[in-house]
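The values are calculated or read from the model by the stated rules, or taken from the named source; none is laboratory data. The shown structure was predicted, so the numbers you read here are calculated from the model rather than taken from an experiment. So basically every Cβ, Gly included, is an ideal-geometry build from the backbone, and we count neighbours across all protein chains shown. For the accessible areas, the whole protein counts, side chains as well, though only heavy atoms, and no ligand, DNA or RNA atoms are used. Shrake-Rupley method; radii C 1.70, N 1.55, O 1.52, S 1.80 Å.
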Amino acid sequence: MKILVVGSSAREHALAWRLSAGASPAEVTVVPGNPGIARDYRCVSGEVTPDLLERESPDLVVVGPAAPLVAGLADEVRRLGIPVVGPPAEAARLGGSKTAAKEMMVRHGIPTPPFRSCSDTDQALAAVDDLGIPVVVKADGLTRGSGVTVCTSRDAAEIAIDGALRQRRFGAAGERVVIEKHLRGDGVSLTVLVDESGYLLMPVARSYEQAGEGGQGPNTSGMGAIIPNPAVSPGIIQSIEDLIIKPSIEAIHQEAAPGAGAYRGFLHFGLILSDDGPQMVDYKIRFGDPEAQVTLPLLEGDFAGLLLGLAQGRLMEAARESSFGVRSGAACSVVAVAAGYPGPSSPGEFLHDQRGGDEARQGTSMVFFHEVQEEGAGLSTAGGRVLTVSAVAGDPDEARLRAYQRMLQLSFRGITFRRDIGGDPVISRVMEEGDVFLPQFSKRGGLLPVVVQEVESGDILMVAYANDEALEETLTSRRAAFWSTSRNRLWIKGETSGDTLTVEEVRVDCDQDALLYRVRLNGQGVCHTRQADGAHRRRCFYRSVKERRELSFSDGPHEAPHHGSESGGCCS
């Protein structure tokens, strides 16, 4: 089967990955894709046009983002007789206008927080006063996650309203705002596959939208997600289905305009579990992002066959034919963003991966790319969200551990990600229990202490410092390299005297902020001081400190050492 996936983000990367992973792998092309997706799948630049569809001749089109659906892309594809996953433009208004979505909820008795839809500043401020602080100010149209502000003061609400209505910060999407009463409670993200034959529930996720840990900071397009949602029991799922999902789908079918076509696509529900029960907050007329990246790895069966059936209006039959199911266990997705996100962020930071090539695409963790660009033979950031790491395991703790372990193998200057996706931060546990080597130079001002130990005797020979350059030199050449704090440059032990050290093993302490080099001597010793007979001292630790701060020798003649002319060394 030839499948065309429309979009350029990690969601589309995950869709392409899952569609090509069935028993009968599909031939997947992504339009336009991005250089990260192009590592794995064929990408075609440009927009989806009738000419492109004629050239590609796909058996199925899957539209990822909301904007082309609101613009009517699914209608155009259907007119050409090609099955497409995505609602018609008329139904896509649910995702393109928060006012239209909230008004439908009210008409059909779907529980939702109190709100007002406003097109001028005075009206919006009056709505804030009427609903009471805290409120949520939302740009009515599509803003890629940046148009939602939780306001805990009237001043904050006034700033958010002014930014949308007067400053036109979101363009046409902010010509109207929805002022919504802010409810406290656990968030729930749930995606449903919908057509005229029925609907299928995907696993229930918890998504993390705020930029900062603990739910602090501005709203984003999504910083991560976890499945299962720890706040959701089977009873709560049934309540959500009865009170929100079924009435919403019935309303969509009932209100469909004659001749507009049936809703055939993804429908995402964003809910709050309030003290008064589940409350519907917003619809998205596409698979959520990063919910897609956390959900798709848990799905079983022929996903391509399932989506083809969805596009043909025979979802329930296709679910049986494709052996659709959800594997037991858990999944966690963590999003890495460029510094400054969701505000302006600088592109062009090179992406490093401690695991590369085919090895990076194997195992229980996956990397899906958002906004990247080509940088020589590699990739660099293009600003905003850069990538999502997803991992699966038997339980949430292990899934989180695997996701963060993989994330720590990826780096670029300014990399930022939340460390509390799915619970308390687990970075220290990753470093202690995982196999990721991520020296914590930033905790020590760019330098880590290095203890040098002789392999055969176990003697501690010297202590020095290393930065990332010195460590890289040591790992590459196996010669003990250090950073001289007095001369501010890299130096290699024995580069002038010939008394080099061969590093047989590099160890790191449990917090990864101190190093141990286990070495073999290629000369007389490491110390630049000499004994009375002129011989080099074998190690720098040759005297003991007594109770009264007096020094005594522990090897060699018990007399003051004579300092040779060699400069640098362990004390530099």
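Key figures
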quantity	calculated
Hey, V281 of a type in the set (V, I, T), under 14 Å from L190 (Cβ atoms) and in a loop (DSSP other than H, G, I, E, B) or not	no
Flag if D289 is acidic (D, E), touching a residue at least 12 places away in the same chain (Cβ under 8 Å) and surrounded by 23 or more Cβ atoms within 10 Å (Cβ to Cβ)	yes
Only listed residue being over 23 Å from G81 (Cβ atoms) and free of Cβ contacts under 8 Å to residues at least 24 places away in the same chain, chosen from S333, S328, S323	S323
Selected residue (criterion: farthest from the chain's Cα centre (by Cα)) from residues of region 194-244 that are at pLDDT 95 or above, charged (D, E, K, R) and assigned to a helix (DSSP H, G or I)	D242
Neighbours by Cβ (under 7 Å, 6+ apart or cross-chain): first from region 465-492, over 20 Å from R518 (Cβ atoms); second of a type in the set (D, E, K, R) and open to solvent by 20 Å² or more (accessible area, probe 1.4 Å)	L490/E469; L490/E473
Pairs, first among the charged types (D, E, K, R) in region 6-28, second in a helix (DSSP H, G or I), C-beta under 8 Å, six or more apart	R11/A292; R11/Q293; E12/I37; R18/L296; R18/P297; R18/F303
Residues (under 24 Å from Q210 (Cα atoms), among the small types (G, A, S) and open to solvent by 20 Å² or more (accessible area, probe 1.4 Å)) located in region 115-131	S117
Residues (in a strand (DSSP E or B) and surrounded by fewer than 16 Cβ atoms within 10 Å (Cβ to Cβ)) located in region 30-50	R42
Identity of the residue in region 140-160, in contact with a strand residue (DSSP E or B) (Cβ under 6 Å, 6 or more places away or on another chain) and not in a loop (DSSP other than H, G, I, E, B), that ends up farthest from D289 (Cα to Cα)	A157
Boolean, S45 is polar (S, T, N, Q) and in contact (Cβ under 8 Å) with a residue 40 or more places away in the chain	no
Members of region 297-326 that are assigned to a strand (DSSP E or B) and either acidic (D, E) or open to solvent by less than 30 Å² (accessible area, probe 1.4 Å) (or both)	L299, E300, G325
